[in-house]
Structure formats: structure tokens, C-alpha cells
Amino acid sequence: MDSSQWLALPARRPVARPRAVVVESWDRARRRHLDPERLLPDLEVAEDTLVDVRTGHPLAAVLPVIRRLLVQDAEGSGLLVAVGDEHGRLLWVEGDPDARRRAEEMRFVAGAGWAEDRVGTSAPGTALALDHGIQIHDDEHFNRLVHGWSCTAVPVHDPETRRILGVIDITGDERAVDPHTLPLMEATAAAAEAELLVMRLRQRAAAAPGAAVAIPLGPTTSSGAVSAPAGSAVDRARTASRRDTRGRAVLHVLGRDTGELELPDGGSVELSARHAEIVTLLAWHREGFAADFLCDLVYGEGGSAVTLRAEIVRLRRALEPTGIELASRPYRLEGALELDLHRVVSLLDRGAHRVALAGYLGGPLPGSDAPGVAEIRADVTARMREALLAAASPDVLLAYTATREGADDVEVLRELLRVLPPRSPRRAALVARWEQLERSEP
């Protein structure tokens, strides 16, 4: 299905008929003989049991992540953030107080059941029914009591089994179906899933005899990246987090010496080291470069413009099946493309340090000596380190010391010793490593 099917159409754009995904949802509601005039949701979780149901639900553990990424910005905005279980029952509804009072009229409250088979088309219910993020705008709702409201929702999965755990929803006016809302929701769901996985790995490591001081997610490669075995829990979670449902390609270069261009349809194209360097530079600097400047960034001083032009011809040929075009004067990319390191930087900027570190597989193209790539690599590496030192929790700093870049970082070890509790059993090993590094310095 075309990625645009998941995005709501603006009210100002006249359309002959609703999106196919909406029509199909309406058809499912009609087959169940639902009445669009009388679809007030039932309160399926009684008030006296709501606390127990919330406490026992897996998403309760990651509610702080969801609140930090979504709810804080919803306060005073007219928007609501809801978290529901796999059955479509809303367990938490938070956000703007005025919007919460108005939403009570349509029973958009904690405990209410919003599954599609009971109330028809809505973002939380239809997202669960289709196992896909979706936006529903105003009168696209099957239930006429919900007209005037718009919503975006995404399912949340168990990071190991991929079973649906629940749904995250934003409800409000047209701002709830802004085109940028769905990517934000998908990133929040991925952050919640990664947080769940980290919690489980930490619990298992703590329970294992002779647990190590740091808790790496797997063996590291020569570039310092974590290399989880194929089919492992980490591998499955990482694969799931790589999926992009926004109709854009993603170039994976973190911890890799070549590039893997992942396409929206699920296919992929392997780019050579040189082609990955060029695409990385043009994706990081979207405004593009004049030929001579790009030549210096790729080859260094003394590089040949003739050699660059020949490489560009080969690169265009490699990109032909992807729909991404490489324009000239200046050289620039045309088409939706994102770098995996863009996501890591975005997570760092939002304070999601644990999730950013889990997705950080090492610097971009670590084997490249292209001056422009080396500059990007130094920038991203420094931003990661500075963000962790400034605000990361002790367990995230411990995980960073398991990477190649953080293993011998005296300042990181010093900061860890400062923030760890005085009686932490981890302190002795950290002090020993710190003293060893101090002795080895010239």
C-alpha cells in the first residue's frame, strides 16, 4: 500500500472519495452492523480496577519515555496523548486539560474501549487492526460522534516476539494529523520498544552469575559496533526499528565501511565505499556542493574532478532502481532519503540517550578517509559523547564504556564514578580501569 495512504488528507483539499484504507475500515464496521450514530464506547476497564490493569501492563514501564517525547509538548496545546492496550482499551489519557474535558463527551477516557470492531474507524482502533501507524482526519471517523476530532496512532510491539503490546495515540484538532506527527509517533514507539529491550537485557545481565560491569548488547566488531547474532532478540528489535513507513529510503552507514540503502518497499541496495561516501555527504548537506568542492571532500586536496565525474556516472546508475536522483550544478540529492545517523542525532537532541546509544553502531563509514566524511564522523561522535556526559544516566554511561569509543575514555569513567552510588558494586572495577588508563598515559 502506498505510504501516503497512512497520512490524513488536509480538509482544504477536495477529494472524490476517502482513502482506500478508510473505506476498507468503514466496510469492516458495516459488516459488523455498527451504527455510526450510536457508537459511544463502553467503559471496559472499571475505575476500581484501572490502577491494577495499568500496573500490570508492559507499557507502564516505558510510560516515562512516552511522556518525555509526547506528553510534555501536549500540555496547553489542545492535544491529548493516549496509551492503550492490545485490545484497544485506553489505559492513560493525558495532555491538555480543556481537551480532556471535551473528549469526555465522546468517552475518550481511560478505561474506554476504542477497538475498531466496537467503535468503527479511529486511529487507535484501526492502527491495531492493521498493525500499522495511521492518521484519521475529522469525518473519516466512522462514528459521527467523533467528527471534529483528528488523531494519529501507532502500534507498539514486544521487541523480541513482535507481538502487539498496545497503541500510542495523539488526538485533537488538525494539528494531530500534521504530516510530521506520524514520523514522531513511529520514533516514540521505536524508543519505547528499545527501552523495553534494554530493561530486559539489564535484568538478565544482573541475574546472571558473574555479570560484567557494563552491559553490552552483544559482541563488538572491529569498528566498535555491536554485532548481534542473526535471529537474536537484539537483531530482531534492531531490524524492526530500521523499518521506515514514511515513503523514504534510509542509508545505513553507522559502523559500516560500505552503505546499505534500505528502500521503502523492503528492498535494499548495497553501495560501494566510495558511493556511500558521496551519498552520505550529499544527504548530510542537502543544499549540495559545487563539483570542485565535492571533489575536495571526497578525495582531499589534489583530487581529480574527472575521477569524481566518472564516479558520479556510476553512482547514478546504481541509484536508478531506487527512485533517488543525483542532480548537478550543484551536485545534490533529489528524492526522500535519510541517514541512520540523522535518527541517532535526533534522539540525542530529544534527550533519548539510551535509545540513541542502542542505535549507535559506531561512527559513520569508520574506514573512510574522505575528509568530508571524517568531519561528519568527528561531529557525530563528539555530539554523542558530549550528550552522554552532560545528561545521561549511570546505566547509559556504563553501556557507552562497552563501546570501542568509550572503553578508554578517562573522562567518562570519572563521570561514572561521580554519579554512581558510593556503595555500588560496580565502582571497584571502574576504579581499577581508570587507574590503569591513568598509568598508561604518557
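The values are calculated or read from the model by the stated rules, or taken from the named source; none is laboratory data. Keep in mind it's a predicted model, so treat the numbers as computed, not measured. Glycine also receives a Cβ, built like all others from the backbone with ideal geometry; neighbour counts cover every protein chain displayed. Please note that ligands, DNA and RNA were not included when accessible areas were found on the heavy atoms of the full protein model with its side chains. Shrake-Rupley method; radii C 1.70, N 1.55, O 1.52, S 1.80 Å.
The region of the chain that goes longest without hitting one of the GluC sites (Glu not before Pro) in a DSSP loop, each with at most 11 other Cβ atoms within 10 Å, is 38-286.
With all projection directions averaged, the alpha carbon convex hull of the stretch 95-209 covers 8.2 nm².
A Gaussian network model of the chain, with springs between Cα atoms under 10 Å, assigns the largest mean-square fluctuation among Ala153, Ala374, Ala115 to Ala374. Shape index of the stretch 333-405: Rg/Rh, with Rg the Cα radius of gyration and Rh the Kirkwood radius from the inverse mean 1/r over Cα pairs, equals 0.99.
Here the sum of -39500 (n - 2.57) over DSSP H runs of 4 or more residues, divided by the residues of the chain, equals -13000 deg cm²/dmol at 222 nm, to the nearest 500. Stretching Asp42 away from Thr55 to a fully extended chain increases their span by 2.6 nm, per 0.36 nm per residue minus the current alpha-carbon distance.
Based on C-alpha pairs under 8 angstrom that are at least 6 apart in sequence, the chain has a relative contact order of 12 percent. Available extension along the chain between Glu287 and Ala327 is 13.3 nm, counting 0.36 nm per residue and deducting the alpha carbon span.
Were the residues from Val23 through Ala382 laid out at 0.36 nm apart, the gain over their Cα-Cα distance would be 124.3 nm. Projected onto its three principal axes, the C-alpha set of the stretch 48-121 covers 30, 29, 25 Å, listed from the longest axis down.
Magnitude of the charge dipole for the chain, about its Cα centre and with charges confined to Cβ atoms of Lys, Arg (+1) and Asp, Glu (-1), is about 540 debye.
Think of the chain as having a plus end and a minus end, set by charges on the Cβ of Lys, Arg, Asp and Glu; of Leu348, Leu413, Leu80, Leu413 sits farthest toward the positive end of this dipole.
With R₀ set to 22 Å, the beta-carbon distance separating Glu104 from Arg163 gives a calculated FRET efficiency near 0.10.
Sparsely packed loop sites in the stretch 335-442 (the trypsin sites (Lys or Arg not before Pro) outside DSSP H, G, I, E and B with at most 10 other Cβ atoms within 10 Å) comprise Arg423. Over the chain, with every protein chain in place, what whole percent of the accessible area is carbon and sulfur at 1.4 Å, could you tell me? Solvent-exposed carbon and sulfur of the chain make up 51 percent of the total.
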